[in-house]
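In what follows, a single structure is set out as structure tokens and then discussed.
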Amino acid sequence: EAEVAQSPRYKITEKSQAVAFWCDPISGHATLYWYRQILGQGPELLVQFQDESVVDDSQLPKDRFSAERLKGVDSTLKIQPAELGDSAMYLCASSLEAGGQAEQFFGPGTRLTVL
Amino acid sequence: AQSVTQLDSQVPVFEEAPVELRCNYSSSVSVYLFWYVQYPNQGLQLLLKYLSGSTLVESINGFEAEFNKSQTSFHLRKPSVHISDTAEYFCAVRPYSGGYQKVTFGTGTKLQVIP
């Protein structure tokens, strides 16, 4: 069964350091999402890609966060510099299309701890 | 804008007892409705969804949810829970309208099934 892959699964870093997360969506899925899930809360969309283009990054803290999907397949989310408040689970999801009915498939997530 | 309210952060229930997880939403436009389940240290999995048609939707593992438009609710129910149902459950909405509409999640309800 096809799955969304994410790495690393866990990351511990010190504040002011740079971190990067990688996501490989299900093959053929044009839409890719990065979510942040703070402990005790639901996922919050950070950025949405349609193929290689960003279609929504309104909630992405652009002073420190960046995301790319250069070839419209896998994607990288970067934080530089990391802050204590960035500790959270970072989830990647993909869907066949961007329509409202399209099911999103989630990866296992990367749990980030900033010390 | 949309919002989702899950008033119960934790719901303990004995094994084989019935359970209801409450979800209310607010939206100025029509929405699709979803329930996702998240097991510890894993990503979210779609449990069931309401797109249109019959207001009662069912999942393959015995959960059901009923869309109530007048009360703007989409409560999740199961007549008899199992230990394996212990997880966190998220209600979510996504607008009907075209374009790139994001999913809005509730804060989640942790279901703890007691043996």
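So here's what we get for this one:
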{"item": "Antiparallel %, DSSP beta bridges [both residues in chain A], to 5", "result": "90 percent"}
{"item": "Lysines with Cα under 24 Å of A:LYS15, excluding same-chain neighbours fewer than 8 positions away", "result": "A:LYS62, A:LYS78"}
{"item": "Chain A: radius of gyration over Cα atoms, expressed as a fraction of 2.2 N^0.38 Å", "result": "1.00"}
{"item": "Leading residue at positive end of dipole, chain A (Cβ point charges), from A:ALA98, A:LEU77, A:TYR10", "result": "A:TYR10"}
{"item": "Per-residue average of Cβ from other chains inside 10 Å of B:24-32", "result": "1"}
{"item": "Relative packing of peptides A:56-68, A:100-112 - highest average C-beta neighbours within 10 Å first", "result": "A:100-112, A:56-68"}
{"item": "Over chain B, relative contact order from alpha-carbon pairs under 8 Å, at least 6 apart, %", "result": "37 percent"}
{"item": "With eigenvalues of the C-alpha gyration tensor scaled by 5 and rooted, chain B, Å", "result": "24, 14, 12"}
{"item": "Taking only Cα atoms of the protein assembly as shown, radius of gyration then Dmax in Å", "result": "17.7, 52"}
{"item": "Solvent-accessible area per residue, Å², over the protein assembly as shown with all protein chains present [probe radius 1.4 Å]", "result": "48 Å²"}
{"item": "Those lysines that a straight Cα-Cα span of less than 28 Å connects to B:LYS49, excepting residues fewer than 8 apart in one chain", "result": "B:LYS69, B:LYS78, B:LYS102, B:LYS110"}
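The values are calculated or read from the model by the stated rules, or taken from the named source; none is laboratory data. Just so we're clear, the structure is a prediction, and the values are computed from it rather than from any experiment. Positions of Cβ are generated from backbone atoms using ideal geometry, with glycine treated the same way; all protein chains shown enter the neighbour counts. Areas reflect the complete protein model, heavy atoms only, side chains present, ligands, DNA and RNA absent. Shrake-Rupley method; radii C 1.70, N 1.55, O 1.52, S 1.80 Å.
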